[in-house]
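Here's the structure, in structure tokens; my notes come after.
The values are calculated or read from the model by the stated rules, or taken from the named source; none is laboratory data. These figures come from a predicted structure and were not determined experimentally. Here the Cβ positions follow ideal geometry from the backbone for every residue, glycine too, while neighbour counts run over all protein chains shown. Protein only, heavy atoms only, side chains kept; ligands, DNA and RNA dropped before computing areas. Shrake-Rupley method; radii C 1.70, N 1.55, O 1.52, S 1.80 Å.
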Amino acid sequence: MSRTVIVDALKRTDFGAEVNIKGWVRTRRGNKNVSFIALNDGSTINNIQVVADNEKFGDEYLKPITTGACISVTGKLVESLGQGQHVEIQAEKIEIYGIADPESYPLQKKGHTMEFLREIAHLRPRTNTFGAVFRVRHNMAMAIHTFFHERGFFYFHTPIITASDCEGAGQMFQVTTMNLYDLKKDETGQIDYSNDFFGKQASLTVSGQLEGELAAMSMGAIYTFGPTFRAENSNTPRHLSEFWMIEPEVAFNEIAENMQLAQDFIQYCVKWALDNCKDDLDFLCNMYDKELIERLNFVVNNDFERVTYTKGVEILEAAIAKGQKFEFPVSWGTDLQSEHERYLVEQHYKKPVILTDYPKEIKSFYMKQNDDGKTVRAMDVLFPKIGEIIGGSQREEDYLKLKTRADEMGVPTKDIWWYLETRKFGTAPHSGFGLGFERLLLFVTGMSNIRDVIPFPRTPNNAEF
Ligand code: 4AD
Ligand code: MG
């Protein structure tokens with residue numbers, strides 16, 4: 001008989017029907033006569049209750065059905081008289097696929113710290129919390145593709161191995177061709193460990209933007225959605241060495257349209273979560289963050305505030321004059337820290353903020369320069385609890401200005417000659433941005449550490465599994 005997933009079984013009302021379900025045991029409890037097994041198969045946060053007659057199956061047979069064991073249950077769907085679910089399964093046949101020895105299975109019923117769960121990343125998707133987070137993660141990926149597809153954007157695949165440095169910060173992981181097994185065998189240093197990709201220098205990409213711009217300048221509107229890498233040694237709750245980024249790029253869009261796209265995009269994704277992840281969000285809201293749902297609804301229903309960097313700095317300076325304390329100093333020209341960004345969002349405007357027109361010195365070479373000679377058409381979207389969630393800009397479309405700025409900033413233009421050519425052949429105004437997928441997930445799930453919204457977090461010194 002074919003398997004019914006628990007999310008579907010829980011919706012059924014055809015009591016008396018025979019069904020088969022398979023899943024992992026959350027708990028087993030009971031009395032002399034019956035055992036109640038809470039079973040979960042990952043399709044939903046909700047468990048289904050299996051009721052097994054002790055006499056029918058025998059105590060010895062039921063004994064190994066402990067937390068974490070995997071079983072297959074065939075039985076009748078019956079109306080549940082207990083609280084919670086309206087349906088349960090009266091077991092007729094139980095097959096044990098795999099036991100989980102209670103002495104060594106780490107996920108017993110008690111609560112666990114996030115730190116402990118990070119050490120068992122291979123098992124943590126079996127917990128309610130991580131099941132919920134990863135289902136939301138899946139749903140957000142679907143929302144992203146649907147949003148862009150509905151608007152006529154093309155999903156464009158940019159390379160992971162690249163010779164260019166989009167952000168011009170030099171913080172890239174190098175790709176090498178050395179043989180890992182030779183390395184293990186050899187203690188004598190006979191092997192060539194040189195950093196090269198078959199004789200050329202290559203790195204893991206920090207952003208698909210440069211290639212995305214080429215695509216926009218031929219296909220109109222595109223987006224990328226893939227892993228990106230940063231080799232900075234940042235140990236914070238908001239930084240990963242490997243994270244996923246969504247980068248739309250649109251020909252003919254100027255900065256105002258770029259801002260509107262960013263707002264529409266985030267609001268669409270958050271609304272998608274509210275519409276499609278109700279059970280998981282309710283669970284996360286109750287468990288970790290009582291204001292989560294309220295915050296998500298607020299973001300969907302309110303415009304983001306658009307403020308210039310200069311105005312933002314004025315607000316921060318005024319706050320400091322009134323006694324507000326920050327760890328890092330602020331004055332015109334300094335890069336804002338997340339404490340500053342969060343002050344603007346959480347204390348001052350009390351809504352998401354799009355900060356624009358940053359000093360050119362603190363932004364990348366490719367941003368369009370304003371006529372004041374000091375600022376560029378950058379836009380960062382700042383979010384409550386997160387700080388920067390999006391970084392983007394209108395791009396410099398003028399060949400000479402772009403080349404000059406790259407040279408001034410020490411960006412090796414020999415590596416991006418192909419990028420510069422877009423400005424020689426049919427250049428046009430265009431804009432785009434990058435949304436950090438895990439930062440969006442932090443916001444949507446209410447989790448407080450970025451390591452807890454990606455299945456296998458990569459942070460400095462952490463790549464075990
Ligand atoms: O501001 P960033 O560095 O911008 C770019 O890479 C541009 N090339 C994007 C573009 O215009 N197409 O990064 C964009 C976003 C940030 O706002 C943040 O959400 C996320 O990527 N991000 C990180 N997320 C997790 N860990 C890190 N180390 C991150 N660095 C950036
Ligand atoms: Mg940025």
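Just a few scattered comments:
- Taken together, ALA319, ALA231, ALA273 contain a single residue that is hydrophobic (A, V, I, L, M, F, W, C), within 16 Å of ligand 2 (Cβ to nearest atom), on the phi < 0 side of the Ramachandran plot and surrounded by 15 or more Cβ atoms within 10 Å (Cβ to Cβ), which is ALA231.
- A residue that is more than 15 Å from GLU408 (Cα to Cα) and of a type in the set (S, T, N, Q) occurs somewhere in segment 366-374.
To keep it simple, each residue is scored yes or no on (1) at pLDDT 95 or above; (2) aliphatic (A, V, I, L, M); (3) over 24 Å from VAL453 (Cα atoms).
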site: ILE222; (1), (2), (3): yes, yes, yes
site: LEU240; (1), (2), (3): yes, yes, no
site: ASN253; (1), (2), (3): yes, no, yes
site: LEU274; (1), (2), (3): yes, yes, no
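- Residues located in segment 29-49, provided they are in a strand (DSSP E or B) and of a type in the set (A, V, I, L, M, F, W, C): VAL34, PHE36, ILE37, ALA38, LEU39, ILE48
- Output for segment 234-286, where each listed residue is under 17 Å from PHE153 (Cα atoms), outside any loop (DSSP other than H, G, I, E, B) and touching a strand residue (DSSP E or B) at 6+ places or on another chain (Cβ under 6 Å): MET245, ILE246, GLU247, PRO248, GLU249, VAL250, ALA251, ASN258, MET259, ALA262
- Tabulated pairs, segment 437-465, first within 17 Å of ALA231 (Cα to Cα), second of a type in the set (Lys, Arg) and open to solvent by 10 Å² or more (accessible area, probe 1.4 Å), C-beta under 8 angstrom, 6+ apart or interchain: ILE450/ARG238; ILE450/ARG439; ARG451/ARG118; PRO457/ARG118; PRO457/ARG451; THR459/ARG451
Matching residues to (1) under 23 Å from ARG135 (Cβ atoms); (2) surrounded by 15 or more Cβ atoms within 10 Å (Cβ to Cβ); (3) in contact with a helix residue (DSSP H, G or I) (Cβ under 9 Å, 6 or more places away or on another chain):
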site: SER35; (1), (2), (3): no, yes, yes
site: LEU39; (1), (2), (3): yes, yes, yes
site: GLY68; (1), (2), (3): yes, yes, yes
site: ILE71; (1), (2), (3): yes, yes, no
site: GLY84; (1), (2), (3): yes, no, no
site: GLU95; (1), (2), (3): no, no, no
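- Residues of segment 379-411 classified as within 16 Å of ligand 2 (Cβ to nearest atom) and either open to solvent by less than 20 Å² (accessible area, probe 1.4 Å) or among the small types (Gly, Ala, Ser) (or both), total: 14
- Search result, residues across segment 201-233 that are in a loop (DSSP other than H, G, I, E, B), within 14 Å of SER164 (Cα to Cα) and near ligand 1 (Cβ under 10 Å from one of its atoms): THR205, VAL206, SER207, GLY208, ARG230
- Residue in segment 235-270 that is nearest to ligand 2 (Cβ to nearest atom), counting only those that are under 17 Å from ASN301 (Cβ atoms) and aromatic (Phe, Trp, Tyr): PHE265
- Of all the numbered requirements in (1) out of contact with any Leu (no Cβ under 6 Å at 6 or more places or on another chain); (2) in contact (Cβ under 8 Å) with a residue 24 or more places away in the chain, LYS278 misses one, and that requirement is (2).
- Complete set of residues in segment 423-442 that are part of a loop (DSSP other than H, G, I, E, B) and either open to solvent by less than 20 Å² (accessible area, probe 1.4 Å) or near ligand 1 (Cβ under 10 Å from one of its atoms) (or both): ARG423, ALA428
- Residue within segment 334-344 that is closer than 25 Å to TYR288 by Cα, buried (at least 18 other Cβ atoms within 10 Å of the Cβ) and away from ligand 1 (no atom under 16 Å from the Cβ) present: yes
- Boolean, VAL376 is within 15 Å of ligand 1 (Cβ to nearest atom), closer than 19 Å to GLN267 by Cβ, open to solvent by less than 40 Å² (accessible area, probe 1.4 Å) and not in a helix (DSSP H, G or I): no
- Restricting attention to segment 443-465, the residues that are of a type in the set (A, V, I, L, M) and either surrounded by fewer than 23 Cβ atoms within 10 Å (Cβ to Cβ) or part of a strand (DSSP E or B) (or both) total 3.
- Condition check for ALA9: under 27 Å from ARG135 (Cα atoms) and surrounded by 18 or more Cβ atoms within 10 Å (Cβ to Cβ): yes
- Restricting attention to segment 387-421, the residues that are more than 23 Å from MET259 (Cβ to Cβ) and away from ligand 1 (no atom under 15 Å from the Cβ) add up to 15.
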